[in-house]
Amino acid sequence: MYAEERQHSVLQRARAEGRVDVAVLAAEFEVTYETVRRDLTALERRGVLRRVHGGAIPVERLGFEPALTVRDNVMTAEKERIAKAALAEVPDEGAIFLDAGSTTGRLAERLPADRELTVVTNSLSIVSVLTSRSNINLLVIGGRLRPRTQATVDAWALRVLEETYVDVAFMATNGLSVERSATTTDTAEAMVKRAMVRAARRVVLLADHTKIGNDHFTRFAGLDDFDALITDTGLDEGLAEEIRALGPRVVLA
């Protein structure tokens, strides 16, 4: 087995079981402890695992929030498919929110050039993608900048959102579960997300399957607040049905 195949298997095991152990992996793959440790180090550098004593834990189960640059390089194929599927939710004209996130950033890159849209965002990385687009009326939400996510938050952002109403909000999340709904790690970002959800006629959540089934520190929306969840085909069908039963359409891209 090549190192990339082994690392993929290790990551899938960690996400399914919540933890992997060096000794167990070494015995299963018939490699040395040092080889397993190198695999875990490589996965930690990719931002998908955190090393702990004797093994590793997937970052989504630690409540750890990787930087946007790290998240942008994880689950890239799935995020591209989600962004492509989300185009079906973009209106022919009107106003949309693009929440700060790596998948919403990919949607920004794909926005059609033949539609006149007003895009409201709190993401500096999305601003950089859209700033040269002549068909887009770009409105930037001000506020304190969170460097880890490149998102603006706090009172300035909330004041703008109190006076804003859009056709569709495309939202990102750190976690989504049947028990706690949509959650994120930071209370300031959660407040902005709540305000976006309240200020939109329709709300579409973009989240790859690794976010689903995980809970983080603060809740920002219920499942019934979302009109649709667009995720990838890695989502368990039973879990997809549970989510559908609570309100949103579930689109598997």
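Overview of results
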item: Pairs with Cβ under 6 Å, 6+ apart, first in the range 164-190 and within 15 Å of PHE226 (Cβ to Cβ) and at pLDDT below 95, second charged (D, E, K, R) and in a loop (DSSP other than H, G, I, E, B); result: GLY175/ASP215; SER177/ASP215; ARG180/ASP215; THR183/ASP215
item: Test: residue in the range 204-226 that is more than 26 Å from VAL140 (Cβ to Cβ) and hydroxyl-bearing (Ser, Thr, Tyr); result: yes
item: Test: residue in the range 24-37 that is surrounded by fewer than 16 Cβ atoms within 10 Å (Cβ to Cβ), under 25 Å from THR76 (Cβ atoms) and more than 19 Å from the chain's Cα centre (by Cα); result: no
item: Output for the range 210-247, where each listed residue is touching a residue at least 60 places away in the same chain (Cβ under 8 Å) and either among the aliphatic types (A, V, I, L, M) or closer than 10 Å to LEU176 by Cβ (or both); result: LYS211, ASN214, HIS216, ALA228, ILE230, THR231, LEU239, ILE243, LEU246
item: Filter pass, GLY238 being of a type in the set (Gly, Ala, Ser), surrounded by fewer than 18 Cβ atoms within 10 Å (Cβ to Cβ) and modelled with pLDDT of 95 or more; result: no
item: Residue selected from the range 1-23 under the condition in a helix (DSSP H, G or I) and over 23 Å from the mean Cα position of the chain (by Cα), by the criterion surrounded by the most Cβ atoms within 10 Å (Cβ to Cβ); result: VAL22
item: Residue in the range 222-253 that is nearest to LEU107 (Cα to Cα), counting only those that are small (Gly, Ala, Ser) and not in a helix (DSSP H, G or I); result: ALA253
item: Selection count where residues are among the charged types (D, E, K, R) and over 24 Å from PRO58 (Cα atoms), scope the range 160-213; result: 8
item: All positions within the range 107-124 that are part of a helix (DSSP H, G or I) and touching a strand residue (DSSP E or B) at 6+ places or on another chain (Cβ under 9 Å); result: LEU107, ALA108, LEU124
item: Residue within the range 157-173 that is within 16 Å of ASP208 (Cβ to Cβ), of a type in the set (Asp, Glu) and surrounded by 16 or more Cβ atoms within 10 Å (Cβ to Cβ) present; result: no
item: For ALA188: the one exception among (1) within 22 Å of GLU78 (Cβ to Cβ); (2) more than 16 Å from the chain's Cα centre (by Cα); (3) not basic (Lys, Arg); result: (1)
item: Positions within the range 140-188 being assigned to a helix (DSSP H, G or I) and either under 21 Å from VAL90 (Cα atoms) or in contact with a Phe, Trp or Tyr (Cβ under 8 Å, 6 or more places away or on another chain) (or both), in sequence order; result: LEU161, THR187
item: Verdict on PHE217 being within 28 Å of ALA155 (Cβ to Cβ), assigned by TED's automatic domain parsing to the domain that holds ASP167 and surrounded by fewer than 20 Cβ atoms within 10 Å (Cβ to Cβ); result: yes
item: Residues of the range 132-158 satisfying the condition of being touching an Asp or Glu at 6+ places or on another chain (Cβ under 6 Å) and farther than 15 Å from THR187 by Cα; result: ASN135
item: Count - residues of the range 55-78 that are more than 15 Å from THR210 (Cα to Cα) and modelled with pLDDT of 85 or more; result: 2
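Yes or no, residue by residue, for (1) in the same structural domain as THR210 (by TED's automatic domain parsing); (2) surrounded by 24 or more Cβ atoms within 10 Å (Cβ to Cβ); (3) out of contact with any Lys or Arg (no Cβ under 8 Å at 6 or more places or on another chain):
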residue: GLY143; (1), (2), (3): yes, no, yes
residue: ARG148; (1), (2), (3): yes, no, yes
residue: THR152; (1), (2), (3): yes, yes, no
residue: THR185; (1), (2), (3): yes, no, yes
residue: ALA188; (1), (2), (3): yes, no, no
residue: VAL192; (1), (2), (3): yes, yes, yes
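The values are calculated or read from the model by the stated rules, or taken from the named source; none is laboratory data. Being a predicted model, the structure only gives us computed values, none of them experimental. Reconstructed Cβ throughout: ideal geometry from the backbone, glycine too, with neighbour counts over all protein chains shown.
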